[in-house]
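See below for the structure under consideration.
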Amino acid sequence: MILETSPRAVGPRTAAVWERFDPRLDRSRRESSSAKQKILIVDDELWAALDMEWVVQTLGHQVIGPAATAEKAIELAERTRPNLVLMDIRLADNSDGVAAAIEIRQRFDIPSLFVSAHGDAISRNRAAAARPLGFIEKPFSPESLSRAIEAALNPDVS
Amino acid sequence: MGLSLAEAVGQSQAIASAVVAAAFDAIITIDHRGLIVEWNSAAERIFGYRCSEAIGREMADLIIPPQLREAHRTGMMHYLADSVGPILGRLIEMPALRADGTEFRIELYITPISIGECRLFTGFARDATEHKAAETALKKNEARLRLALDASGAGVWSWDRAGGLITADEAYRTMYGFAADETIDYATWEARLHPDDRELLKRQVEECLRAGSQWLEEFRILHPKLGRRWLAGLGRVLRDAEGRVSGMTGINIDITARKVAEEAVVTERKQAQEAQRLLIDELNHRVKNTLMTVQAMAEQTLRKSKDPAHFVESFRGRLRALSRAHDSLMRRTWSGVDFESLIREQLLVDADQDAPITCSGPDIQLKPREAVHLGLVLHELGTNARKYGALKVPKGRLSVSWSLAGDSARHYLEIKWVETGGPVVSPPTRQGFGTLLIERGIKDSLGGEARIVFAPTGVTCEMRLPLPQAVHSA
């Protein structure tokens with residue numbers, strides 16, 4: 001076999017090891033459900049994006065992206081009209097996630113959920129202009145991200 | 001009972017003699033020949049001759065320095081001849097001799113006396129040495145004070161409470177921008193004060209007048225030509241003969257240069273603190289992002305692992321690749337890293353310096369972000385080559401070559417990874433996680449393209465990624 005492939009059937013022991021991290025379990029505990037939604041991931045870090053994709057997919061939603069730059073994020077938002085954007089603040093090519101979130105909100109009325117290592121008050125104040133649905137600080141736990149996504153998609157479910 | 005005339009005269013003479021004897025000044029009387037007829041106790045003390053030694057001696061010989069004796073004698077003769085005596089009846093200062101031969105200065109007042117036909121001269125003399133020394137010291141002190149004031153640039157002022165006027169020297173006027181003939185009073189001075197400091201200084205002055213004390217303050221003025229200036233001021237009350245506060249005097253020194261320097265230091269300190277804060281924020285951001293990467297790496301590697309041993313091996317390899325990429329950047333203080341060094345550090349791991357790897361391409365400096373992502377991609381390719389490909393067998397070879405492409409607007413780094421001599425390769429039936437990391441690392445994170453070909457002779461991977469202009473040097 002060339003290049004490491006996806007694991008075959010996951011055995012019960014391995015499943016027991018990582019099922020604690022499965023956002024689906026978290027979701028089922030809360031018994032909330034939402035129809036399949038499109039979620040745009042904007043992050044220029046591959047591993048963080050992979051982690052977000054996994055959470056989004058296991059919640060049963062469709063991943064759009066990821067986009068590594070503000071320009072790409074706006075282009076994808078315009079073309080695919082997602083229901084929600086998971087937005088990092090500092091993006092590739094020195095582009096700005098806050099500016100992208102504001103433009104996406106203004107032009108397409110699509111809300112963002114910020115997911116960033118910039119957890120300071122200045123960044124949050126700046127981000128407030130995009131009227132975001134939340135702010136998740138990196139490194140995030142899959143559980144907290146899945147809860148925030150569900151809350152953002154189902155604002156009426158407490 | 002009254003005194004007789006004779007008794008009264010006698011008593012008067014006794015009083016006169018006592019006064020002469022007790023006088024603080026030397027009282028010397030000479031006759032028309034210049035011979036001493038009177039020499040009191042003070043004369044003994046000042047000139048060092050006892051009365052008995054002096055009486056009958058010519059005064060010129062005794063106490064007048066040799067070079068002045070003839071002038072003295074000539075002057076006496078002229079006076080006796082025509083009553084003209086330019087030095088008589090006024091206080092003069094002249095040198096004199098003591099008994100021990102030392103010369104010193106005296107203040108002398110000579111008055112002619114006539115008693116019947118007898119022409120006498122009485123001199124009142126005082127040792128002027130101390131007076132002279134005090135006067136010289138005072139002049140020196142004044143000179144020093146002026147020098148100090150000039151050197152410090154201090155301006156001296158004095159305010160008369162009753163008249164309301166301020167008298168000031170040239171330095172003070174220059175400091176405040178007052179013309180030489182301009183009248184200065186309290187209101188004029190107050191108008192020059194900076195509005196932000198005016199009330200404070202007025203309170204200080206009023207308190208000083210009330211308490212009869214002094215004030216010391218650093219304050220700002222608005223100079224009509226130079227604008228804002230910083231002054232240090234000291235003021236003390238002046239009192240009249242009855243002890244009432246009659247005004248105030250003091251000095252001002254222009255301390256603008258010092259204040260500007262201090263303000264510059266404060267500004268620099270603030271800028272340094274701000275730079276430090278930004279640095280800490282940046283560090284915090286990088287640490288959190290790195291923790292995010294490590295956490296996601298662990299979660300996603302675990303998700304794709306067959307068993308714990310597989311997880312540990314894969315996760316540790318990726319963590320070390322990340323660490324090596326950071327090491328490379330740290331050595332260059334996060335300014336960037338040379339591409340060939342990055343390749344060697346990611347592929348020649350665990351002291352495997354003899355691995356059959358050839359690198360060829362121009363010098364290229366990668367920025368931190370590109371370096372970290374490309375480092376992780378190289379790690380995935382290298383791991384696969386060691387586990388399944390060319391680096392698994394001694395005859396296997398790996399060639400990594402790169403070049404720059406594009407035009408003046410956009411530059412691309414084109415990398416070609418070619419494995420030969422390894423085990424026969426059969427294409428995978430589905431995309432593996434490693435392949436996904438390579439392709440997506442180049443595509444999603446670096447905005448480039450990657451194509452992996454599983455040829456039977458060996459794996460090849462062609463990558464093309466855009467580079468900012470400043471990143472490379474051909």
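Within region A:73-87, being more than 9 Å from the chain's Cα centre (by Cα), at negative phi and touching a residue at least 24 places away in the same chain (Cβ under 8 Å) holds for A:Ala73, A:Ile74, A:Leu76, A:Ala77, A:Glu78, A:Thr80, A:Pro82, A:Asn83. Within region A:94-109, the set of residues being among the hydrophobic types (A, V, I, L, M, F, W, C) and open to solvent by less than 10 Å² (accessible area, probe 1.4 Å) comprises A:Val98, A:Ala100, A:Ala101, A:Ile104. Within region B:348-364, is there a residue that is within 14 Å of chain A (Cβ to nearest Cβ) and either closer than 30 Å to B:Gly422 by Cα or modelled with pLDDT of 90 or more (or both)? No.
Residues of region B:54-70 that are surrounded by 11 or more Cβ atoms within 10 Å (Cβ to Cβ) and free of Cβ contacts under 8 Å to residues at least 12 places away in the same chain: B:Asp61, B:Arg69, B:Glu70.
In region A:110-120, which residues are within 14 Å of chain B (Cβ to nearest Cβ), open to solvent by 10 Å² or more (accessible area, probe 1.4 Å) and within 22 Å of A:Ala151 (Cβ to Cβ)? Please lay out each step first, then the result.
Filtering region A:110-120 down to residues within 14 Å of chain B (Cβ to nearest Cβ) leaves A:114-120.
Restricting the remaining residues to those that are open to solvent by 10 Å² or more (accessible area, probe 1.4 Å) gives A:118-120.
Passing the criteria: A:His118, A:Gly119.
Of the residues making up region B:327-338, those that are part of a helix (DSSP H, G or I) and buried (at least 18 other Cβ atoms within 10 Å of the Cβ) are B:Ser328, B:Leu329. A Cβ distance below 6 Å, combined with a sequence gap of six or more or placement on separate chains, defines the contacts here; from region A:41-65, residues that are more than 7 Å from every other protein chain (Cβ to nearest Cβ) and open to solvent by 10 Å² or more (accessible area, probe 1.4 Å) reach no residue that is among the aromatic types (Phe, Trp, Tyr) and not in a helix (DSSP H, G or I).
Taking the stated definitions as given, is B:Arg126 touching a strand residue (DSSP E or B) at 6+ places or on another chain (Cβ under 6 Å) and open to solvent by 80 Å² or more (accessible area, probe 1.4 Å)? First the steps, then the outcome.
Values: touching a strand residue (DSSP E or B) at 6+ places or on another chain (Cβ under 6 Å): yes; open to solvent by 80 Å² or more (accessible area, probe 1.4 Å): yes.
It is true that B:Arg126 is touching a strand residue (DSSP E or B) at 6+ places or on another chain (Cβ under 6 Å) and open to solvent by 80 Å² or more (accessible area, probe 1.4 Å).
Taking the conditions (1) closer than 20 Å to B:Thr167 by Cα; (2) surrounded by 18 or more Cβ atoms within 10 Å (Cβ to Cβ) in turn, B:Leu234 satisfies each one other than (2).
Of everything in region B:361-415, what is aromatic (Phe, Trp, Tyr) and under 23 Å from B:Arg320 (Cα atoms)? Give them in sequence order.
So in region B:361-415, the residues aromatic (Phe, Trp, Tyr) come out as B:388, B:402, B:412.
Once the filter is applied, which keeps residues that are aromatic (Phe, Trp, Tyr) and under 23 Å from B:Arg320 (Cα atoms), region B:361-415 yields only B:Tyr388.
Per the conditions (1) crowded, with 17+ Cβ neighbours inside 10 Å; (2) in contact with a strand residue (DSSP E or B) (Cβ under 8 Å, 6 or more places away or on another chain); (3) more than 11 Å from chain A (Cβ to nearest Cβ); (4) more than 14 Å from B:Ile415 (Cα to Cα), the sole criterion not satisfied by B:Arg386 is (2).
From the residues in region B:303-314 that are modelled with pLDDT of 90 or more and buried (at least 18 other Cβ atoms within 10 Å of the Cβ), which one is nearest to B:Leu436 (Cα to Cα)? Top of the filtered list is B:Ser314. Note on region A:121-138: residues that are buried (at least 18 other Cβ atoms within 10 Å of the Cβ), of a type outside the set (Phe, Trp, Tyr) and in contact with a Lys or Arg (Cβ under 9 Å, 6 or more places away or on another chain) amount to 3.
Selection of region B:394-433 for residues being of a type in the set (Asp, Glu) and within 14 Å of another protein chain (Cβ to nearest Cβ) yields only B:Glu419. Evaluating B:Leu376 against the criteria (1) open to solvent by 40 Å² or more (accessible area, probe 1.4 Å); (2) assigned to a helix (DSSP H, G or I) leaves one unmet condition, (1).
Out of region B:397-418, which residues are out of contact with any Ser or Thr (no Cβ under 7 Å at 6 or more places or on another chain) and more than 30 Å from A:Glu53 (Cα to Cα)? Talk me through it step by step, then tell me what you get.
Going through region B:397-418, the residues out of contact with any Ser or Thr (no Cβ under 7 Å at 6 or more places or on another chain) turn out to be B:398, B:400, B:402-413, B:415.
Selection gives B:Leu398, B:Val400, B:Trp402, B:Ser403, B:Leu404, B:Ala405, B:Gly406, B:Asp407, B:Ser408, B:Ala409, B:Arg410, B:His411.
Every condition in (1) farther than 21 Å from A:Asn94 by Cα; (2) more than 9 Å from every other protein chain (Cβ to nearest Cβ); (3) at pLDDT below 90; (4) outside any helix (DSSP H, G or I) holds for B:Ser341 except the one numbered (4).
Within region B:285-299, which residues are surrounded by 17 or more Cβ atoms within 10 Å (Cβ to Cβ) and within 7 Å of chain A (Cβ to nearest Cβ)? Walk me through it before giving the result.
We begin by selecting, within region B:285-299, every residue surrounded by 17 or more Cβ atoms within 10 Å (Cβ to Cβ); these are B:285, B:288-290, B:292-299.
Matches in region B:285-299: B:His285, B:Lys288, B:Asn289, B:Met292, B:Thr293, B:Gln295, B:Ala296, B:Met297, B:Glu299.
The single condition among (1) surrounded by 15 or more Cβ atoms within 10 Å (Cβ to Cβ); (2) part of a loop (DSSP other than H, G, I, E, B); (3) of a type in the set (Asp, Glu) that B:Glu107 does not meet is (2).
Figure legend. Inter-residue proximity from region B:304-331: first residues facing another protein chain (nearest Cβ under 10 Å), second residues small (Gly, Ala, Ser) and outside any helix (DSSP H, G or I), beta-carbon distance below 7 Å, spacing 6+ or different chains. Indicated pairs: B:Lys304/A:Ser6; B:Phe311/B:Ser305; B:Ser314/B:Ser305. Taken over region B:130-180, the criterion of being open to solvent by less than 60 Å² (accessible area, probe 1.4 Å), out of contact with any Ser or Thr (no Cβ under 9 Å at 6 or more places or on another chain) and among the polar types (S, T, N, Q) is satisfied by B:Ser152 alone.
Given the structure, is A:Ile89 away from chain B (no Cβ under 14 Å) and crowded, with 20+ Cβ neighbours inside 10 Å? Reasoning before the result, please.
Numbers: away from chain B (no Cβ under 14 Å): no; crowded, with 20+ Cβ neighbours inside 10 Å: yes.
Spelling it out, it is not the case that A:Ile89 is away from chain B (no Cβ under 14 Å) and crowded, with 20+ Cβ neighbours inside 10 Å.
Of all residues in region B:450-462, none are of a type in the set (Phe, Trp, Tyr), under 22 Å from A:Trp47 (Cβ atoms) and touching a residue at least 12 places away in the same chain (Cβ under 8 Å). Considering the conditions (1) farther than 25 Å from B:Lys132 by Cβ; (2) outside any loop (DSSP other than H, G, I, E, B), B:Arg33 is excluded by exactly one of them, (2).
Which ones in region B:404-461 are part of a loop (DSSP other than H, G, I, E, B), more than 27 Å from B:Ala296 (Cα to Cα) and either open to solvent by less than 40 Å² (accessible area, probe 1.4 Å) or polar (S, T, N, Q) (or both)? Passing the criteria: B:Ser408, B:Gly422, B:Val425, B:Ser426, B:Thr457. The number of residues in region B:152-172 that are without any contact (Cβ under 8 Å) to a residue 60 or more places away in the chain, within 30 Å of the chain's Cα centre (by Cα) and assigned to a loop (DSSP other than H, G, I, E, B) comes to 1. Filtering B:Leu398, B:Leu391 for residues that are more than 23 Å from B:Leu366 (Cα to Cα) and either open to solvent by 50 Å² or more (accessible area, probe 1.4 Å) or free of Cβ contacts under 8 Å to residues at least 60 places away in the same chain (or both) leaves a single hit, B:Leu391.
When you scan region B:212-225, how many residues do you find that are over 16 Å from B:Asp197 (Cβ atoms) and at pLDDT 90 or above? Let's see the steps before the verdict.
The initial filter retains those residues of region B:212-225 that are over 16 Å from B:Asp197 (Cβ atoms), namely B:212-214, B:224-225.
Subset that is at pLDDT 90 or above: B:224-225.
Going through region B:212-225 one residue at a time, the tally reaches 2.
The values are calculated or read from the model by the stated rules, or taken from the named source; none is laboratory data. Because the structure is a prediction, the values reported are computed rather than measured. Heads up, the Cβs are rebuilt from the backbone with ideal geometry, glycines too, and the neighbour counts pull from every protein chain shown. Side chains included, ligands, DNA and RNA excluded: accessible areas come from the protein's heavy atoms. Shrake-Rupley method; radii C 1.70, N 1.55, O 1.52, S 1.80 Å.
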